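So the structure is just underneath, and the comments pick up after that.
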Number of protein chains: 4
Amino acid sequence: MSSTYGENLKLSIFGQSHSPAIGMVLDGIPAGLPVDAERLQEFLNRRAPGQNDYSTPRREEDRPEFLGGVLDGFTCGAPIAAVIHNRNTRSGDYANLKDCPRPGHADYTAQIKYGGFQDYAGGGHFSGRLTAPLCVAGGLCIQWLAERGIRIGARIVSIAGEADDVDLDPLNPQLDLIGKDFPVFSPAAGERMRAKIAQARLEGDSVGGIIECCITGLPAGLGEPMFGGVESRIAQIVYGVPAVKSVDFGAGYAAAYMRGSQCNDAYTVEDGQIRTLTNNSGGILGGITNGMPVIFQAAIKPTPSISRPQQSISLPRRQVQELTVKGRHDPCIVPRAVPVIEAAAAIAIYDMILGNTQTDRRK
Amino acid sequence: MSSTYGENLKLSIFGQSHSPAIGMVLDGIPAGLPVDAERLQEFLNRRAPGQNDYSTPRREEDRPEFLGGVLDGFTCGAPIAAVIHNRNTRSGDYANLKDCPRPGHADYTAQIKYGGFQDYAGGGHFSGRLTAPLCVAGGLCIQWLAERGIRIGARIVSIAGEADDVDLDPLNPQLDLIGKDFPVFSPAAGERMRAKIAQARLEGDSVGGIIECCITGLPAGLGEPMFGGVESRIAQIVYGVPAVKSVDFGAGYAAAYMRGSQCNDAYTVEDGQIRTLTNNSGGILGGITNGMPVIFQAAIKPTPSISRPQQSISLPRRQVQELTVKGRHDPCIVPRAVPVIEAAAAIAIYDMILGNTQTDRRK
Amino acid sequence: MSSTYGENLKLSIFGQSHSPAIGMVLDGIPAGLPVDAERLQEFLNRRAPGQNDYSTPRREEDRPEFLGGVLDGFTCGAPIAAVIHNRNTRSGDYANLKDCPRPGHADYTAQIKYGGFQDYAGGGHFSGRLTAPLCVAGGLCIQWLAERGIRIGARIVSIAGEADDVDLDPLNPQLDLIGKDFPVFSPAAGERMRAKIAQARLEGDSVGGIIECCITGLPAGLGEPMFGGVESRIAQIVYGVPAVKSVDFGAGYAAAYMRGSQCNDAYTVEDGQIRTLTNNSGGILGGITNGMPVIFQAAIKPTPSISRPQQSISLPRRQVQELTVKGRHDPCIVPRAVPVIEAAAAIAIYDMILGNTQTDRRK
Amino acid sequence: MSSTYGENLKLSIFGQSHSPAIGMVLDGIPAGLPVDAERLQEFLNRRAPGQNDYSTPRREEDRPEFLGGVLDGFTCGAPIAAVIHNRNTRSGDYANLKDCPRPGHADYTAQIKYGGFQDYAGGGHFSGRLTAPLCVAGGLCIQWLAERGIRIGARIVSIAGEADDVDLDPLNPQLDLIGKDFPVFSPAAGERMRAKIAQARLEGDSVGGIIECCITGLPAGLGEPMFGGVESRIAQIVYGVPAVKSVDFGAGYAAAYMRGSQCNDAYTVEDGQIRTLTNNSGGILGGITNGMPVIFQAAIKPTPSISRPQQSISLPRRQVQELTVKGRHDPCIVPRAVPVIEAAAAIAIYDMILGNTQTDRRK
């Protein structure tokens, strides 16, 4: 198994950066769910490159063509299949990468695993471009979750150490206040982040950052014990997004520095609803949702493609060789990764909803 | 799916804290692999409670009885089944928890999910006790990995903010220097950590910490793209260990603050072997091992069971109620969690080895 | 994967004929389902050996001990684990089988697959004894299906060519008329079958037969297209029962000889319910139930263990050798296989019910 | 799960009879395997309609376009994705089927399951057209099996009761003698079968038949116990082929009428190789191959689409209504189903080879 995900839904993602198309099949989805193509396109546009100064100028439309599974704006019960054609392919740019792997990319590991048969152009199947079909699947799941009152929103916590000025309220996340143009709470912080990106670009370098994702409206009782827990399911898919190096939930790393009396979320009752006074658990206890917002963070490493010369090796000659990566690349993929993280979370959550096993209350 | 794991091997864990037994079935393991029961017991003893001053005095032998799959000291190809009988059951201690959930535990989420039918005694299936059968499975995988020259070692990075004095060398991990008695590099740091634990106990509180796990001897080319990557597979199982709130790989969170020129691991050749000069990737690129040590960290929250009074609720009356958790509990589970993290990593790695798909070189 | 089954529930079966115990883990079952131990025992007794003249005299109680997942007579949401201890183990009887495989058994294929490490005593994991834990799982599923008005009944169609005198009515199966003592419609036919069995025993030989299984009360719309169809799911598990050599549905083989005008089941309306006038489809169209009874047949080969001398080989010497299988064995396992087939069907159906994806009707 | 198959490879099939395209994704395939497009097309042509007098005149080219996973004639390690565009779509023909289900088709069950949202045109996802992408996947697997000396051949045993004059030799299957034009051993029998088909067409009716499939060159030791056995894995996928109503192995149904002394395959040694004197087991014991040819039969029901008027119902009015299916349809799909059965078997076998767990012989 590799590019497939799901216990109840079955997602299969295919294609390479420069193959005729990339796409996805999403099987196991109930019939009768609405598919709003325009809203999906708006979601995909958030991930699309070439929109502004800080991202790669390669322009793709990323307009999915549905080959099956959708009829007259609704799911029809058959597997949903969509492709995005790769129009802007420039394989020539990557010719020298076959023998000289780019540091930080999967060039070398792919060479070892696939023995030279791999599609190395543009990173092949390991390209960030493969997050587009992930966003098709996730964008659909987001629509279906919305029907259930479940909402997913992510924002940039920091880029290159430049942090958002406003913290997320883990008890009542202010998702509506996330910027549409640049997904942060504080526009001023967003400006500082953009400046950091611009500076990195000028210096032929790249920067990373941290994304926080929040899911509200989840019922309590979702998830399974042990390896089927919400953390396990989300972490598995989020780590499938290239460049993610850390996934944590609720207080996350900081929990390791707390006392139990501080970390435990005390219970309370508000308007007859059971809630917690803090949300260090990130809405999950024993792998199962407690009805509070589910919150996780993902750290994104700086884009491996930089224009500065780097030390690599010649694989045929097995000796050190300097490498300069040609072409223009995102100096920071964090803004474009925000909808990808949302998509990944939506797929994980919708998968769990489809297979949710609770008490059999027929008696 | 819940308490099952694995794409190629199939691990199923069962039992509750106070059920007649806990155990595991491990299917899909080749025949002919040695099973060293004594070495397994030594490994399990590292997890066992009641060994020293900082852990719970409940004494269980945690001696697994093999019901099938092992014959004359070797796997026989049939599913491996082992049980550990629960001898020291004291259900009475937990009677008041049915209506008043312990903050930080799964009591409330289990109540919602299972509608009152759940086994609430001692946390039921959510108890940390279930990590014992996980260690049976993982302890076996560790033996089988050792046959292939693959070694797993974990250590405590910090407890309650008290850090080990020596850093792991991510290029040449000094696994032999991890303390046998207390798994840190620096005995002095270990003493400071123990002091923090003792202090928390005195104050009726608990503390958490960070565990670092390292896997050496892995071949390059292990793992699959996207959702089958090494990070995805390890994160899924490690998040199945209770109290884990963060999992990161290589530079982890810190990668978000690096420049690309800093984070990219430059390649070099040493004695004809391709290596990297740094190991910020944690030995994984594109989800696939690059032959360098695989390194990840897991943050463990402080034990939710504390003797201080806490604010909870009465579920039947839906109003706030003070709760005092009775019994004696670990003020810090981090030391006992170290072998559990090793076990989880070993299972994930062995699963990937069994299903590793590389180039078909028959031509 | 091998001894595991299920897309939504996860069944794992373990143990060998002469290992300390055999058992099963059944994960993914909702909490709150009743577990009637007495009714389960009655079901298991139908499979148990040593009850009458035509079966093996080895006496086991086959009384499952639940290690987890069941509390106060209800499922508690944790994986259900049960073991049956092997008390009557006589490994000595099988010493000569290591080098000289019994024709018709898995001795030779196990030797090739497991390289001599396999547990050859009594067929090891391939023993028909492993159908006991299958019946534990299936017996539970039968109880839970009954709660939904779904009923499963199987009968012997023929043994050694001796056929039941009464046919099943595929439109309104007369399940209540299946004999309790010997599962046929016609007691006279049952007598003739028993006579055939007795005769085979006298001649040191064995006989096979055909079992028909019927499931009533199923809602229309259960099952998935293609490989997730009811036939696919049932056939997979039924072929996991030793000695099954054929599985067919509805008209089965006979459909190959029909005209379309004859084989197509015409629709009608009875009391406002849509039904078919015939049931050649066996209640399944496109892999999905149509609300009519689901009917399938399984052919059981004659017991491979016969007391007559047979031609085998010496594996070490690679030459032909005569083999006489010692011990006493069932000259016909068909009667004992009847509840096993019911159990297998129940597991498949309950698995499909848990994961049934139909129209999302929330709008 | 529905239109996905595989434990080690992951096959996902998508599309509907009249959607823009049909296709498949095949994940988990090693890199470096040759893909001979021409040979694949020859294989697909055996399934294609419109080739001769006995099949439907709808002409599709069924020429798969590879969107990913294949590079320069070899697999590249990425998921293999292929689509076949649906050019000849005539949705109008099916307008009346929405309310009046065709007997023998999945129209009614799809209506119940998908609540009217299903794509009813041409049977939608349930159409036999979906066997084209199955043949793409299977045709590739056949090529890769051939590299290992494994060969798959199927023939028609009978159509409408008209049987082939020559029997398959289960010890040394004469696969080369299967007719290229019409897959039978005896051309004369083939002529008689065609006459039966032509006659059924004249009478506005349809006929079914039996296909026998044989796999040679398999190593002994392939397959897993219980639910992972060769029979289980093949039956699951073959029952995913529309119109299959029976799957049996080796002696199949006839085994139920044999004595053990007759059914057991005695062992012998030929040229140092262990073989059996008969092959009633169909090459499988305990779910595992014994090195003899694997042989199974599948019964295909007569095409449900017939031009004669049939009794159906009006779904909106819930009353009986006569239905005449318009358009021209195959009076017999058995000849076209032959390569589909081969494809299904090849996928199952290749999946098992990828995940084959045998003795770990590293010591």
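Data for the structure
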| read-out | value |
| --- | --- |
| Residue-averaged beta-carbon neighbours from other chains (10 angstrom radius) around C:211-223 | 2 |
| Cα centre as origin, Lys/Arg/Asp/Glu Cβ charges: chain A dipole, Debye | 1000 debye |
| Cα Rg, Dmax (largest Cα-Cα span) when computed across the protein assembly as shown, Å | 31.1, 94 |
| Volume per residue of the C-alpha convex hull in segment A:215-363, rounded to whole Å³ | 187 Å³ |
| 0 to 90° range, to nearest 10: angle between helix C:131-147 axis and chain C longest Cα axis | 20 degrees |
| Karplus 3J(HN,Hα) series, Hz, for segment D:267-276 with 6.51 cos²θ - 1.76 cosθ + 1.60 (x for Gly, Pro) | 8, 8, 10, 10, 6, x, 9, 7, 9, 10 |
| Fully extended contour minus Cα-Cα distance, from B:N356 to B:Q321, at 0.36 nm per residue | 7.3 nm |
| Leading residue at positive end of dipole, segment C:233-351 (Cβ point charges), from C:F296, C:A346, C:Y239 | C:Y239 |
| Calculated label separations, B:E38, copies of the chain, 7 Å along the beta-carbon direction, nm | 5.1, 6.6, 7.5 |
| Cα-Cα P(r), segment D:81-161, percent of pairs per 5 Å interval | 3, 11, 16, 15, 14, 14, 13, 8, 4, 1, 0 |
| Alpha carbon Rg of chain D, scaled by the compact-globule rule 2.2 N^0.38 Å | 1.02 |
| Evaluated at q = 0.17 Å⁻¹: base-10 log I(q)/I(0), Debye formula over Cα of segment C:284-327 | -0.64 |
| Tail beyond 26 Å, pair distance distribution of segment A:60-204 (Cα, percent) | 53 percent |
| Ordering of D:25-34, D:144-153, D:258-267 by packing [mean C-beta count within 10 Å, highest first] | D:25-34, D:258-267, D:144-153 |
| 18 Å cut-off, amide nitrogen to a point 7 angstrom out along D:Q311 Cα→Cβ, residues in segment C:162-177 | C:170-172 |
| Closest-to-axis residue of chain B (Cβ criterion, axis taking B to C), whole Å | B:S12, 2 |
| Under the Karplus curve 6.51 cos²θ - 1.76 cosθ + 1.60, θ = phi - 60°, whole-Hz ³J(HN,Hα) for segment A:201-207, x wherever Gly or Pro sits | 4, 4, 8, x, 10, 9, 9 |
| Euclidean distance of C-alpha centroids, segment D:224-288 and segment B:271-333, integer Å | 50 Å |
| P(r) tail fraction, segment B:127-213 - alpha-carbon pairs more than 19 Å apart, % | 52 percent |
| Using a 7 Å Cα-to-Cβ projection, A:L277 label spacings across copies, nm, ascending | 5.3, 7.4, 8.4 |
| Neighbour cut-off at most 13 other Cβ (10 Å), DSSP loop, GluC sites (Glu not before Pro), segment A:260-342 | none |
| Accessible area buried, both sides summed, chains C and D with 1.4 Å probe, Å² | 8600 Å² |
| Inter-copy separations for A:N172, label at 7 Å along Cα-Cβ, nm, ascending | 5.8, 6.4, 8.5 |
| Test item: C:98-106 mean partner chain Cβ contacts at 10 Å | 5 |
| Reachable lysines from A:K301, criterion Cα separation under 26 angstrom, eight or more residues apart if same chain | A:K98, A:K113, A:K180, A:K196, A:K245, A:K326, B:K245, B:K301 |
| Residue-averaged beta-carbon neighbours from other chains (10 angstrom radius) around D:196-205 | 1 |
| Angle between chain D longest axis and helix D:334-354 axis [Cα atoms, degrees, rounded to 10] | 50 degrees |
| 14 Å tail of the calculated P(r), segment D:135-177, as % of Cα pairs | 61 percent |
| Crossing angle, helix B:37-47 versus chain B [Cα axis fit, 0-90 degrees, rounded to tens] | 60 degrees |
| Segment C:15-26 - phi-based ³J(HN,Hα) in whole Hz, Karplus 6.51/-1.76/1.60, Gly and Pro as x | x, 10, 3, 10, 7, x, 7, 10, x, 8, 10, 10 |
| Segment C:143-279, dipole about Cα centre (Lys/Arg Cβ +1, Asp/Glu Cβ -1), debye to the nearest 20 | 280 debye |
| Under-5 Å amide H pairs with D:A220, H placed in peptide plane, nonlocal only | D:G291 |
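The values are calculated or read from the model by the stated rules, or taken from the named source; none is laboratory data. Treat the numbers as computed from the prediction; the structure is a model and nothing was measured. Ideal geometry is used to build each Cβ from the backbone, glycine not excepted, and the neighbour counts take in all protein chains shown. Note: areas computed on protein heavy atoms with side chains; ligands, DNA, RNA excluded. Shrake-Rupley method; radii C 1.70, N 1.55, O 1.52, S 1.80 Å.
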